[in-house]
Each structure stands twice: as C-alpha cells, then as structure tokens.
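Quick one: structure below, then a few questions.
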Amino acid sequence: MEIEGFSKAFHYHLQWKSQFKKFIDGKGDFDIAEISPEGCSFGKWLCSDEIRQNASTLEIQELVSIHDDLHDTAQRVYDLKILGQDNEARQALGKIDKYSMQLSSLLTTLKLITTLP
C-alpha cells in the first residue's frame, strides 16, 4: 500500500471530525449517517480491499476497535447535543480527540510497516 493511502484515510477522518465539531458548536450541519462507523469515509476506506490486502488482521482489528469506540462516543455527543445539553456535548468531545490521536498513531505505524522491505 502506498503511503498516500494512509494519509488520504486520515484526511477523511480529520474532515469528519471538523464537520462534527462545527455541528456540536452550532456552526454547521452533520449527516446523521456519518455517526455510524461504516457511514463515514474513513470507515468505508477501512472496509475496502485497499487496506484489507495490505495490513495484518491484528492491525485491522485494532483500527476497527478504535474507530468503533470513536463513533460510539460521537453518538453519545450527538445525543447530548440533540437533547440541548450543549456544554456536556462539548466536554465529551475530548474523548474524540483521544481516539483521533490513537488513529493517527496506528496509521503512522502501518505506514512504516507496509513500506519496510
């Protein structure tokens, strides 16, 4: 797999996170379909042949686990926002940042592993 594939995937995640944060801050819309792990572009990439052919099962399982946890948290944050609990929703966004850092770290590791001879 080319390094650009990992960078592209993380870019998808960053776009999703930015749009989600704008929604929570009341500055934009958010497509509810993207709350599910399979509904966002990163999730679609994660399920693609591109990643499955080039990463070990263990690495994929770890990515899927982190990504699922991120989306579980996003669902809770979204629900808080819809219930009008804006302060609580903003506070819970910190967990999404934690998962985002974990995704970044794992993708960096995968870049290195898949490019080694």
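Between residues in the stretch 98-114 that are in contact (Cβ under 8 Å) with a residue 60 or more places away in the chain and assigned to a helix (DSSP H, G or I) and residues that are crowded, with 19+ Cβ neighbours inside 10 Å and of a type in the set (D, E, K, R), which pairs lie under 8 Å by C-beta distance while being six or more apart or on different chains?
Partner pairs satisfying both residue conditions: SER100/LYS17.
Please work out which one of (1) in a loop (DSSP other than H, G, I, E, B); (2) modelled with pLDDT of 90 or more is the condition ALA55 fails and give its number.
Against the list (1) in a loop (DSSP other than H, G, I, E, B); (2) modelled with pLDDT of 90 or more, ALA55 comes up short only on (2).
Looking at the stretch 22-55 only, could you name the residues that are in contact (Cβ under 8 Å) with a residue 24 or more places away in the chain and exposed (fewer than 13 other Cβ atoms within 10 Å of the Cβ)?
GLY26, ILE32, GLN53
Filter the stretch 58-93 down to residues that are at pLDDT 90 or above and out of contact with any helix residue (DSSP H, G or I) (no Cβ under 7 Å at 6 or more places or on another chain), then give me how many there are.
Adding up the residues that qualify gives 11.
In the stretch 59-111, which residue that is farther than 22 Å from PHE10 by Cα and among the acidic types (Asp, Glu) is nearest to the chain's Cα centre (by Cα)?
Ranking the candidates gives ASP79 first.
Any residue at all in the stretch 98-106 that's surrounded by 14 or more Cβ atoms within 10 Å (Cβ to Cβ), of a type in the set (Ser, Thr, Tyr) and closer than 19 Å to GLU38 by Cβ?
Yes: the stretch 98-106 contains one or more residues that are surrounded by 14 or more Cβ atoms within 10 Å (Cβ to Cβ), of a type in the set (Ser, Thr, Tyr) and closer than 19 Å to GLU38 by Cβ.
Give the residues of the stretch 58-76 that are of a type in the set (Val, Ile, Thr) and either assigned to a loop (DSSP other than H, G, I, E, B) or out of contact with any Lys or Arg (no Cβ under 8 Å at 6 or more places or on another chain) (or both), sorted by residue number.
VAL64, ILE66
Is it true that ARG90 is closer than 17 Å to GLY26 by Cα, free of Cβ contacts under 8 Å to residues at least 60 places away in the same chain and surrounded by fewer than 19 Cβ atoms within 10 Å (Cβ to Cβ)?
no
Exactly one condition in (1) under 17 Å from LYS111 (Cβ atoms); (2) of a type outside the set (Gly, Ala, Ser); (3) free of Cβ contacts under 8 Å to residues at least 12 places away in the same chain is false for GLN61; which is it?
So the condition that GLN61 fails would be (1).
Under the condition of being of a type in the set (Ser, Thr, Tyr) and part of a helix (DSSP H, G or I), which residue from the stretch 1-52 is modelled with the lowest pLDDT?
SER7
With respect to LYS17, is the statement that it is surrounded by 14 or more Cβ atoms within 10 Å (Cβ to Cβ) and within 21 Å of THR108 (Cα to Cα) true?
Considered against the rule, which asks whether it is surrounded by 14 or more Cβ atoms within 10 Å (Cβ to Cβ) and within 21 Å of THR108 (Cα to Cα), LYS17 comes out as yes.
The values are calculated or read from the model by the stated rules, or taken from the named source; none is laboratory data. This is a predicted model, so every value here is computed, not measured. All Cβ positions, even for glycine, are placed from backbone atoms using ideal geometry, and neighbour counts span all protein chains on display.
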